Every structure is written in structure tokens, then in C-alpha cells.
Amino acid sequence: MTDGAPGGSGSGLRGAFAQLGASLLALLRTRLELVALEFDEERERTGEQLALTLVAMLFFAFAVFGATSFVVAWFWDTHRYVTLGAVTLVYLAIACVACGGYASAGGMRRRPSPRRSPSSSVIARGSLNGSTRAVT
């Protein structure tokens with residue numbers, strides 16, 4: 001039976017619901033911390049991918065510059081202006097195709113402003129440790 005203390009933590013049905021609520025809040029807290037951790041890891045992975053992509057693009061640009069210099073140097077004595085014009089037109093055509101593909105993929109639409117990460121509020125508080133104490 002009960003020990004006669006009204007509102008005690010182990011008194012019958014009320015205590016069982018309090019424990020159930022505390023368990024559910026602990027489960028929710030754990031899930032939210034996992035989601036926050038996943039978001040942080042995804043943000044870090046995306047940053048690493050962006051850095052690698054930028055490095056790859058930089059070195060690809062160096063390679064294109066080297067190839068262009070080679071072609072221009074090869075034809076410098078005979079057709080220097082035609083070669084410079086042809087290389088410029090090739091780069092212009094590539095840029096037009098790239099911009100056309102970007103526009104057709106919806107790149108020119110206005111994008112929504114970036115939202116705050118859900119994990120930033122969890123990090124700002126440290127964690128959700130105080131949420132389970134309110135129920136018990």
C-alpha cells in the first residue's frame with residue numbers, strides 16, 4: 001500500500017505517471033542531443049567537402065591556365081591573335097553553358113535565408129539536463 005504521505009514520489013498511480021513522464025522526458029532529451037550531434041557532424045562534413053571542392057577547383061584552374069599557356073605558346077609565331085581569340089571564345093562558351101545550366105536548375109531563384117541550427121540552442125544551454133527535474 002501507500003505510506004500515507006500525500007504526493008510522495010512512490011505513491012501509487014500518481015508516482016507511476018511521474019516516473020513515466022520522467023522517463024519520456026529523458027528519452028526525448030537523449031533523442032534531441034543525438035539530433036544535435038548529427039547536425040553538427042553534418043555541418044562539419046559539409047565544410048570539409050566545401051574546402052576540398054575549392055582546392056580541387058583552384059588546381060583545376062591552374063591546369064587550365066597551364067594548358068592555355070601551352071596552346072598560345074605553341075601557335076605564338078604563326079597565329080597568335082587567332083589562338084588567343086579561339087581560347088577566349090572557348091572559355092566564354094563554357095561560361096555561358098555553365099550559367100545556362102545554373103539558371104535552368106533554379107539557381108537564380110531567391111533562396112530563403114539560412115535558419116539557426118537547432119543544435120546551437122542545445123549547445124548554448126550545455127544540454128537539456130534540467131528538463132527531467134521539473135516533472136519529478
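The values are calculated or read from the model by the stated rules, or taken from the named source; none is laboratory data. The structure presented is a predicted model; accordingly, all values stated were derived computationally and were not measured. Virtual Cβ from ideal backbone geometry, glycine too; neighbours counted across all protein chains shown.
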Considering only region 40-62, how many residues are small (Gly, Ala, Ser) and either surrounded by fewer than 10 Cβ atoms within 10 Å (Cβ to Cβ) or touching a helix residue (DSSP H, G or I) at 6+ places or on another chain (Cβ under 6 Å) (or both)? 0
For a quick check of your reading of the model, give me the residue pairs whose first member lies in region 58-79 and is under 19 Å from Ala95 (Cα atoms), whose second is of a type outside the set (Ser, Thr, Tyr) and in a helix (DSSP H, G or I), with beta-carbon atoms closer than 8 Å and at least 6 apart or on different chains. Thr68/Val87
Odd one out for Thr46, checked against (1) at pLDDT below 90; (2) part of a helix (DSSP H, G or I): (1)
Here is a list: Ala95, Ala56, Ala22. Which entry is modelled with pLDDT under 85 and in a helix (DSSP H, G or I)? Ala95
